[in-house]
Amino acid sequence: MHISDPALTLENTSISYGHVSAISNVSLTLAAGEILALIGPNGAGKSTLLRGIMNQTAKMNGHALAEALDITSMPPHRIVRAGILHVPEGRQVVAPLTVRENLQLAARASRRCPRREVQDEIDRVHELFPPLDRLRDTPAGLLSGGEQQMVAIGRALVARPKVLLLDEPSMGLAPVMVQVIYDFLGAHRDALGGAAVLLAEQNRIALSVADRVAVLSRGQLGFVGPCDSLSDSIMTEAYLGTENHSST
Ligand code: ATP
């Protein structure tokens with residue numbers, strides 16, 4: 001599929017840990033405003049690819065572009081400044097700070113959120129994630145895993161991303177919390193402010209909110225296309241087999 005004016009482009013991206021290849025020749029484009037599910041089994045390379053985009057892995061070969069800007073060799077803080085925000089696995093919040101302070105810190109650190117709009121942004125996160133409302137003054141480290149995930153996503157949203165890299169937001173969460181996170185992604189597309197989302201997950205849950213899906217297996221992209229074209233046999237092969245489907 002050809003995307004004019006993509007928000008994020010990966011061209012022939014490869015990443016190795018020493019002599020071990022983790023990502024091989026991945027090319028992918030994300031349109032502004034689309035949610036692309038990146039699914040694949042344990043160890044497929046999803047986290048490595050997301051960290052590679054942020055230049056937080058060993059050297060990446062190939063190219064990463066944010067709109068037309070080449071971010072391949074940029075330091076991570078400049079990539080963030082270019083509007084690429086990463087919510088890594090494991091719900092990273094600043095544990096001793098309250099929910100309010102976590103969100104304030106992220107909004108104030110962002111050049112993309114004017115000072116006078118910081119409070120509006122924080123209020124917006126509370127509207128999006130109602131369970132956080134009564135927890136404004138609670139240290140983030142005391143929250144449940146699901147609540148911390150909401151804070152972590154909230155911290156990225158207040159920075160007004162152009163591209164949001166979400167790494168397994170469902171990991172380790174109770175089903176009810178997974179539902180809250182996915183309800184948010186499914187129902188509040190406007191709250192993403194037109195950001196493109198690359199949503200890494202191990203399983204099909206990401207398909208419930210995604211526009212397209214890309215299947216990663218052993219560091220290589222297989223199927224890329226509309227979610228409703230992803231067959232059970234492609235999934236089985238990606239998770240259990242060795243055969244790869246060519247990209248569409
Ligand atoms: P999961 O769903 O389990 O998080 P993943 O798809 O995100 O898996 P990665 O964590 O990116 O996969 O791992 C891809 C491969 O790279 C695996 O073989 C993993 O063992 C290897 N790997 C990841 N991080 C490192 C590292 N820091 N040093 C060496 N090898 C690594």
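Output the residues belonging to segment 19-39 that are touching a residue at least 40 places away in the same chain (Cβ under 8 Å) and either over 28 Å from ARG160 (Cα atoms) or not assigned by TED's automatic domain parsing to the domain that holds GLY52 (or both).
SER21, ALA22, ILE23, SER24, ASN25
Does GLN149 meet the test of being within 16 Å of the ligand (Cβ to nearest atom), touching a helix residue (DSSP H, G or I) at 6+ places or on another chain (Cβ under 8 Å), among the polar types (S, T, N, Q) and open to solvent by less than 20 Å² (accessible area, probe 1.4 Å)?
Taking the combined requirement at face value, the residue satisfies it.
Please work out which one of (1) outside the structural domain of SER24 (by TED's automatic domain parsing); (2) open to solvent by less than 40 Å² (accessible area, probe 1.4 Å); (3) more than 16 Å from the ligand (Cβ to nearest atom) is the condition MET74 fails and give its number.
Of the numbered conditions (1) outside the structural domain of SER24 (by TED's automatic domain parsing); (2) open to solvent by less than 40 Å² (accessible area, probe 1.4 Å); (3) more than 16 Å from the ligand (Cβ to nearest atom), the odd one out for MET74 is (1).
Does GLY62 meet the test of being at positive phi, within 18 Å of the chain's Cα centre (by Cα) and surrounded by fewer than 22 Cβ atoms within 10 Å (Cβ to Cβ)?
No; evaluated as a whole, the condition is false for this residue.
List every residue pair whose Cβ atoms lie under 6 Å apart, where the two residues are 6 or more positions apart in sequence or sit on different chains, the first residue falls within segment 207-224 and is assigned by TED's automatic domain parsing to the domain that holds VAL197 and open to solvent by less than 10 Å² (accessible area, probe 1.4 Å), and the second residue, located anywhere, is of a type in the set (Val, Ile, Thr) and within 12 Å of the ligand (Cβ to nearest atom).
Within 6 Å, the pairs are VAL215/ILE39; GLY219/ILE23; GLY222/VAL215.
Of LEU103, LEU157, LEU164, which residue is part of a strand (DSSP E or B), closer than 21 Å to HIS188 by Cβ and open to solvent by less than 40 Å² (accessible area, probe 1.4 Å)?
Selected residue: LEU164, the only one of LEU103, LEU157, LEU164 that is part of a strand (DSSP E or B), closer than 21 Å to HIS188 by Cβ and open to solvent by less than 40 Å² (accessible area, probe 1.4 Å).
Looking only at residues in segment 80-100 that are closer than 21 Å to GLU168 by Cα and out of contact with any helix residue (DSSP H, G or I) (no Cβ under 8 Å at 6 or more places or on another chain), which one is least open to solvent (accessible area, probe 1.4 Å)?
In this case the residue turns out to be GLY83.
Please indicate, with yes or no, whether at least one residue in segment 152-167 is assigned by TED's automatic domain parsing to the domain that holds ALA58, in contact with a Ser or Thr (Cβ under 8 Å, 6 or more places away or on another chain) and modelled with pLDDT of 95 or more.
Yes, because at least one residue in segment 152-167 is assigned by TED's automatic domain parsing to the domain that holds ALA58, in contact with a Ser or Thr (Cβ under 8 Å, 6 or more places away or on another chain) and modelled with pLDDT of 95 or more.
Considering only residues that are open to solvent by 30 Å² or more (accessible area, probe 1.4 Å), farther than 16 Å from ILE79 by Cβ and either in a strand (DSSP E or B) or near the ligand (Cβ under 9 Å from one of its atoms) (or both), which ones fall in segment 15-57?
Selection gives SER16, TYR17, GLY18, VAL20, SER21, SER24, ASN25, SER27, THR29, ASN42, GLY43.
Under 8 Å between Cβ atoms, which residue pairs at least 6 apart in sequence (or on different chains) link something in segment 193-204 that is part of a loop (DSSP other than H, G, I, E, B) with a partner that is among the β-branched types (Val, Ile, Thr) and more than 14 Å from the ligand (Cβ to nearest atom)?
ALA195/VAL163
The values are calculated or read from the model by the stated rules, or taken from the named source; none is laboratory data. Because the structure is a prediction, the values reported are computed rather than measured. Quick reminder, even Gly has a Cβ in these numbers, built from the backbone with ideal geometry, and neighbours come from all protein chains shown. Ligands, DNA and RNA are excluded from the accessible area calculation, which covers all protein heavy atoms including side chains. Shrake-Rupley method; radii C 1.70, N 1.55, O 1.52, S 1.80 Å.
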